[in-house]
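To keep things clear, I will list the structure first and then write my remarks on it.
Every number here is computed from the coordinates shown, using simple stated rules; none is lab data. What you see is a predicted model, and the numbers here were worked out from it, not measured in a lab. Positions of Cβ are backbone-derived with ideal geometry, glycine not excepted, and every protein chain shown enters the neighbour counts.
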Amino acid sequence: MKKIMLLLCSLLSIVTFAQNFPGKDVHLLKGKELKVLPLKKSEIGVGYKGFYSDAEIHSLYKKGLRYTDAASIEGKIFKVVDYKPRYTNYVLTLQNPETGTVYFDYHTTAKCDFVFEVVGGIDFPDGHFCNGLEKGKKWISAGEGYVEETRTPLLDDISLFRTADGQFKLRVAVCTDNYKNKDVKGLILQLENGVKLNFPEAVIDVFRVGANTNLSTRPRIKIDNSALEMLKKSKIVRKTIGTYTSDVTDGYMIMEYINCLADTTITLP
């Protein structure tokens, strides 16, 4: 199920902005204004997912062909006046002078379904990013078994890993609907300050997801101290695997998570 969710996020059809998605810290959205972002042309007929007319989220708001009619809410600004838990997630109560009260099904781990720009951004509290690091285990071999590692959350299909022995490794993926069935090799990360981190020997896994193709670095790329310092100081704005390029919209959050991951004075979760 986790792999399916990651693939769905890879196929994100909304143009997203940095500092927008608070994850499990939904309280950071209360009182904020949310602007509904435009869909891609190919998704307009399907409409917006997650908008409802009732707090029990049974009735879709302004139902179109499948979900909420795109024209009814695109570009509108809603204020978050309340939120209530629903199972492991939340229902946001949104208000707008034209639409009245609308409810949004907010999933704490589904950034790809969060179809908003937070007007003015989110004011993240101290410790937010360090508390958001994830702990896990990776299978090495029958002889070595599993090793513990801490990682940054997967954002824009980018995640950095810190192993128990202090090594740093990188995983990056790019999704494309224009794959030409050719061998793909190499990764380039473009930073906001103009620096390009080039990994020409990066091996790429290729697998299809419907009409799209996911290109992913595998095995993970080892990051030396020089590259790590660059990633700590400037956010990633673009990623290129082979000849396939994708903009990175969550570069600020990725950079903040990397700074926490790399800080050896911090006790990691």
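Details
- Shape of the stretch 18-118 from the C-alpha gyration tensor: rounded (a/c under 1.5, with a ≥ b ≥ c the square roots of its eigenvalues).
- Net +/- balance of residues flanking Y244 in space, Cβ distance below 15 Å, scoring K and R +1, D and E -1: 0
- Loop trypsin sites (Lys or Arg not before Pro), the stretch 161-191 (other Cβ atoms within 10 Å of the site Cβ: 15 or fewer; DSSP): K180, K182
- Net charge of the neighbourhood of K40, taken over other residues with C-beta under 13 Å away and scored Lys/Arg +1, Asp/Glu -1, is -2.
- Pairs exceeding 30 Å between alpha-carbon atoms, taken from K76/K233; K84/K169; K49/K222; K63/K180; K137/K235: K76/K233; K84/K169; K49/K222; K63/K180.
- Of V119, V26, the sequence from fewest to most neighbouring Cβ atoms within 10 angstrom is V119, V26.
- The relative contact order of the chain comes to 17 percent, based on Cα pairs under 8 Å that sit 6 or more residues apart.
- Three-way shape label, the stretch 128-262, alpha-carbon gyration tensor, a/c 1.5: oblate
- Exposure proxy shown here: for D123, D69, the number of other Cβ atoms within 10 Å sets the order, fewest to most, as D123, D69.
- Overall form of the stretch 72-208 per C-alpha gyration tensor (a/c, 1.5; a/b vs b/c): prolate
- Value at 222 nm in deg cm²/dmol, rounded to 500, when DSSP H runs of n ≥ 4 in the chain each add -39,500 (n - 2.57): -3500 deg cm²/dmol
- Other residues within the sphere of radius under 13 Å centred on the Cβ of V81, judged by their own Cβ, net out at +2 (K and R +1, D and E -1).
- Between 0 and 90°, nearest 10: helix 251-262 axis offset from the chain longest Cα axis: 50 degrees
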